[in-house]
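The values are calculated or read from the model by the stated rules, or taken from the named source; none is laboratory data. All of these numbers come straight from a predicted model, not from anything done at the bench. Methodologically, a virtual Cβ is constructed for each residue, glycine included, from the backbone with ideal geometry; neighbour enumeration extends over all protein chains shown. In case anyone asks, the SASA skips ligands and DNA or RNA and just uses the protein heavy atoms, side chains included. Shrake-Rupley method; radii C 1.70, N 1.55, O 1.52, S 1.80 Å.
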Amino acid sequence: MAITLVNPSGLPEIDAYRQVSIATGSKQVFIAGQVAWDADGVTVGEGDLAAQIEQCYVNIATALAAVDGSFADVAKLTIYVVDWTPDKMPLLIEGITRAAAKLGVTPVPPGTLLGVAALDIPEHLVEIEATAVID
């Protein structure tokens, strides 16, 4: 496995993700920001942040599978949430937890969460991009 996820001593241990990823593989994979579209381009979970996060993770898993990878190869995620406020954190965690359970992702790789004013269309509440390293 090309990615090792750790929570170093001296940094907070956060259940939702790991603070550091160590990449040792040779093939870097950059996945474009994924929104909550299904394979037909229909928005999944309109108005439901948790459902859209889950679909974004499913889409990332689909992209990874296409290049012989999996979430075990993800070094970092970047999550963009429309009109982010801290009170949305439970929905974010719910979506990640549902996706992790569905996809068998444990632990979740490090990530950056950014609040944005808008995405490509008004129905999209979240976009997630991934960087992976594959042996």
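Laid out as a table, the results:
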| read-out | value |
| --- | --- |
| Residue match in segment 96-104 (condition: small (Gly, Ala, Ser) and in contact with a strand residue (DSSP E or B) (Cβ under 6 Å, 6 or more places away or on another chain)) | no |
| Strands (runs of 3 or more DSSP E) contained entirely in segment 1-47, each with at least 2 residues that are in contact with a Lys or Arg (Cβ under 7 Å, 6 or more places away or on another chain), open to solvent by less than 70 Å² (accessible area, probe 1.4 Å) and modelled with pLDDT under 95 | 3-6 |
| Cross-chain or 6+ apart pairs with Cβ under 8 Å, segment 35-53 first and closer than 16 Å to residue 120 by Cβ, then of a type in the set (Ser, Thr, Tyr) | 35/43; 36/43; 37/43; 52/43 |
| Residue ranges of strands (runs of 3 or more DSSP E) in segment 61-135 with at least 3 members buried (at least 19 other Cβ atoms within 10 Å of the Cβ) | 74-82, 126-134 |
| Condition check for residue 131: among the hydroxyl-bearing types (Ser, Thr, Tyr), in contact (Cβ under 8 Å) with a residue 40 or more places away in the chain and more than 30 Å from residue 2 (Cα to Cα) | no |
| Selection count, segment 8-34, where residues are within 21 Å of residue 101 (Cα to Cα) and without any contact (Cβ under 8 Å) to a residue 60 or more places away in the chain | 3 |
